[in-house]
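These notes concern the structure reproduced below.
The values are calculated or read from the model by the stated rules, or taken from the named source; none is laboratory data. Please read all numbers here as calculations on a predicted model, not as lab measurements. No Cβ is skipped: glycine too gets one built from the backbone with ideal geometry, and neighbour counts run over all protein chains shown.
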C-alpha cells in the first residue's frame, strides 16, 4: 500500500516467511505524548498515561504503545528504557529502584516502530518501606513484582527445608535437595543423570564430560556411550585413550596412543606390556611384556642404550635371587676397555675375565690387571676350501724349510705381566662399583635439586686372587726371527706383536709331514755297499734328472745339492 505521495506504507497478504498479516511502514513519528503521571509507591514508581499527546488530538491509526524511560534527577539526560505501557490508557510499575528522585519520560511508538521525541519528564521518589508499614504475612507472592527479589536482597545464609526445582517437579529437572544434594533427572522423572551427594560429596554424571568444546581437551565417557574411557586430545581430532580392558590377564588399564591407536600400554592384574601395533593389519611389530615371573622383549631391532654422564655408561646384566639379593660373581657388564673409548668388552668383574672386540678380532683378557686369559674348548674348527682363495704352496722368507726352522725355535715357560705367579705378597681381591639408585625409606628414588636421579656406590669384592701356573709357548720375537710370516706387528695390542696361532699350526703340520716322509723312506733303504747287519744311515741316490714318481708311497732323491721327495701323485717337494 502506498500513500497519495507514492510512499510505501504497508502490506496486506502473504509475507516472505509464509505468514499472512498486515504490516505497517510509517517513517513519520507519532505526536509527542503528554508528560506521564508518576505515583510513588513502596520501593517503586507507578507510571500511568491516558495516551493523549501534546496537541490534544487523537493519536494516528497506526499508534502502537508508549515506551517508558527512567533517569536519575541528578542526570536527567541519561535515560534507561524500563518497559512499555500497552494498551493505553495503562500503567507500568518501575521497581528495583533506590530511594532517590527520578525523572520519568515516555515516547510514542507507531506500528512501523518509529518512535517520537521524549515527553516532558515527571519526577517521583519511591516510598521507603518501614517495618510498621507491613503486617505479618501481608506480602504475598502476587504482590512481589517480577525481578524485585535480587541476590543482594536475600539473606547471606538462606536456609530452605524443601527443594529448589528448575523444570518439572516430576519430569525433566535440576534440583537442589535438602538431603540428596544437587541432582538432575531425565524426562521420566526418575532416571538421575547428575548427582553431587550432599552426605558424601560423591559426584556422578551420566554422559560425556569435556574440559573444552574443541581443540586440546580431556573427554570422559566419549559420546556418552563409553563410561570406562578417557580421551586426551592434542588437537581437535587426534587423541590417545585410557580405558578399562577385560581382555587381558584380569581386568586392567589399557592405554592407546594416537588416533590410529598404534602405541599401546596395558597394566593388568598379573601382566603389563608396551607394544607398537600396525593398526591396519593388527600385527604387533615390537613389544615389552612382563608377567609375575617373566619379561619378554621383541622387535625388529632391540637397542640397549646407556648414556655416560648420568651414570657409568655401562650396560649391566645381573642375576638376582628370589629375595632380591644379588648372586655373587654373576654380573656381566658391557663397557669400554679401561682407557679406551671404542673397544667394547663383555666383562665379569668377579672373575676378571672379559671378551674384547677390536680390529684384530676377539681377545680374551682381564682388566685388573690387563692380562690375556686362556681359552678352554674341546675343538677348534678348520674352515673349508670354499671360503678361501689364493691357495698355493707355502714359500718361507725367514728360513729354508719348515722342518729346519722349527729346530731353531724353543718353546719357553713364562707368565703374563700382571699375573701373580705365587711369589711375593698376594694381590688384593678385585673390587668394583655398581651404582644403585638412591631411595628413601618408602622406596622412592631420591632426586637432586636439578631433578636428576641420585646414585649410591655399591662396592663389591671378587674372589681371592690365585697363583697362575707358568704358561708354555713361543715368544713372538723369537718366532719373528725365524718365521716372520706368522708374526704381525700391531701397536694397538699389548706387547706390539701378534703371533698367529693358526699360522703356527700350519708351519708345524708341514714340518711334521716332512719328518714323517724322511722317516718312512729311511726304513726302506740300507747304506749302499753294505751287506747284512743293521743299516748305518740313509743313503740317497743322486740324480741329475728327476726320476719318475713311484707307483706308491714316496721316493727320496738328491739333485743339484738339494734333497727332494716325489710322491706317487707326482708332487715334488724340496726338503733342503
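Would you mind stating whether residue 206 is in contact with a helix residue (DSSP H, G or I) (Cβ under 9 Å, 6 or more places away or on another chain) and either buried (at least 17 other Cβ atoms within 10 Å of the Cβ) or modelled with pLDDT of 80 or more (or both)?
Numbers: in contact with a helix residue (DSSP H, G or I) (Cβ under 9 Å, 6 or more places away or on another chain): yes; either buried (at least 17 other Cβ atoms within 10 Å of the Cβ) or modelled with pLDDT of 80 or more (or both): yes.
In short, yes.
Is it the case that some residue within the stretch 427-441 is more than 19 Å from residue 499 (Cα to Cα) and more than 56 Å from the chain's Cα centre (by Cα)? Full working, then the answer.
Step one: filter the stretch 427-441 for residues more than 19 Å from residue 499 (Cα to Cα), giving 427-441.
With the extra rule that they be more than 56 Å from the chain's Cα centre (by Cα), the set shrinks to none.
The answer is no; no qualifying residue exists.
Checking the condition surrounded by 15 or more Cβ atoms within 10 Å (Cβ to Cβ), assigned by TED's automatic domain parsing to the domain that holds residue 291 and either more than 15 Å from the chain's Cα centre (by Cα) or at pLDDT below 80 (or both), which residue from 258, 266, 248 passes? Even if it seems obvious, please write down each step before you answer.
Values: 258 fails: surrounded by 15 or more Cβ atoms within 10 Å (Cβ to Cβ); 266 fails: either more than 15 Å from the chain's Cα centre (by Cα) or at pLDDT below 80 (or both).
None of the other options fit; the residue is 248.
Looking for whichever is surrounded by 14 or more Cβ atoms within 10 Å (Cβ to Cβ) and at pLDDT 85 or above here; the options are 497, 474, 518. Which one fits? Spell out the reasoning first.
Numbers: 497 fails: at pLDDT 85 or above; 518 fails: at pLDDT 85 or above.
Among 497, 474, 518, only 474 is surrounded by 14 or more Cβ atoms within 10 Å (Cβ to Cβ) and at pLDDT 85 or above.
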Worksheet entry | Failed item, numbered, when residue 231 is tested on (1) over 26 Å from residue 268 (Cα atoms); (2) surrounded by 12 or more Cβ atoms within 10 Å (Cβ to Cβ) | (1)
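Within the stretch 312-322, which residues are on the phi < 0 side of the Ramachandran plot and either touching a strand residue (DSSP E or B) at 6+ places or on another chain (Cβ under 8 Å) or at pLDDT 80 or above (or both)?
Result: 312, 314, 315, 316, 317, 318, 319, 320, 321.
Quick grid of which residues meet (1) at pLDDT 95 or above; (2) in a loop (DSSP other than H, G, I, E, B):
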residue	(1), (2)
55	no, yes
64	no, no
98	no, yes
106	yes, no
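Is one or more of the residues making up the stretch 103-124 more than 30 Å from residue 60 (Cβ to Cβ) and in contact with a strand residue (DSSP E or B) (Cβ under 9 Å, 6 or more places away or on another chain)? Working first, answer last.
To start, the set of residues in the stretch 103-124 that are more than 30 Å from residue 60 (Cβ to Cβ) comprises none.
No: the stretch 103-124 contains no residue that is more than 30 Å from residue 60 (Cβ to Cβ) and in contact with a strand residue (DSSP E or B) (Cβ under 9 Å, 6 or more places away or on another chain).
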Item to complete: State yes or no: is residue 424 part of a loop (DSSP other than H, G, I, E, B) and at pLDDT 80 or above?
Response: yes
Practice prompt. Please specify each residue of the stretch 47-58 satisfying the condition of being in contact with a strand residue (DSSP E or B) (Cβ under 7 Å, 6 or more places away or on another chain) and surrounded by 17 or more Cβ atoms within 10 Å (Cβ to Cβ).
Written response: 47, 49, 53
Discussion item. On the basis of being exposed (fewer than 13 other Cβ atoms within 10 Å of the Cβ), in contact with a helix residue (DSSP H, G or I) (Cβ under 9 Å, 6 or more places away or on another chain) and at pLDDT below 80, does residue 489 make the cut?
Written reply: yes
Discussion item. Take the conditions at pLDDT below 80, within 48 Å of the chain's Cα centre (by Cα) and not in a loop (DSSP other than H, G, I, E, B) and apply them to residue 377. Does it pass?
Written reply: no
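Counting only residues that are closer than 23 Å to residue 231 by Cβ and not in a strand (DSSP E or B), how many does the stretch 200-214 have? Break it down stepwise before answering.
Of all residues in the stretch 200-214, those closer than 23 Å to residue 231 by Cβ come to 203-214.
After this cut, where a residue has to be not in a strand (DSSP E or B) as well, the list is 206-208, 211-214.
Within the stretch 200-214, residues that are closer than 23 Å to residue 231 by Cβ and not in a strand (DSSP E or B) number 7.
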Worksheet item: Out of curiosity, is residue 225 surrounded by 12 or more Cβ atoms within 10 Å (Cβ to Cβ), within 21 Å of residue 253 (Cβ to Cβ) and either in the same structural domain as residue 244 (by TED's automatic domain parsing) or modelled with pLDDT under 90 (or both)?
Response: no
Worksheet item: Is the stretch 374-388 home to any residue that is in contact (Cβ under 8 Å) with a residue 60 or more places away in the chain and either in contact with a strand residue (DSSP E or B) (Cβ under 6 Å, 6 or more places away or on another chain) or over 17 Å from residue 499 (Cα atoms) (or both)?
Response: no
Worksheet item: Restricting attention to the stretch 427-454, which residues are surrounded by 11 or more Cβ atoms within 10 Å (Cβ to Cβ) and in a loop (DSSP other than H, G, I, E, B)?
Response: 427, 428, 429, 430, 434, 435, 438, 446, 454
Worksheet item: Among the listed residues 462, 496, 473, 451, which satisfies the condition of being out of contact with any helix residue (DSSP H, G or I) (no Cβ under 6 Å at 6 or more places or on another chain) and farther than 24 Å from residue 364 by Cβ?
Response: 451
Response to the item:
Turns out the strands (runs of 3 or more DSSP E) fully within the stretch 152-199 with at least 1 residues that are closer than 30 Å to residue 98 by Cβ are 164-167
Practice prompt. Quickly run through the stretch 389-404 and pick out the residues that are assigned to a helix (DSSP H, G or I) and at pLDDT below 80.
Written response: 403, 404
Worksheet item: Which one is surrounded by the most Cβ atoms within 10 Å (Cβ to Cβ), of the residues in the stretch 113-162 that are farther than 21 Å from residue 46 by Cβ and at pLDDT 85 or above?
Response: 116
Worksheet item: Checking residue 461 against (1) surrounded by 11 or more Cβ atoms within 10 Å (Cβ to Cβ); (2) touching a residue at least 40 places away in the same chain (Cβ under 8 Å), which test does it fail?
Response: (2)
Worksheet item: Taking the stretch 171-198 only, how many residues are within 18 Å of residue 160 (Cβ to Cβ) and over 41 Å from the mean Cα position of the chain (by Cα)?
Response: 9
Fill in: Every residue from the stretch 351-362 that is surrounded by 16 or more Cβ atoms within 10 Å (Cβ to Cβ) and either at positive phi or modelled with pLDDT under 85 (or both)
352, 358
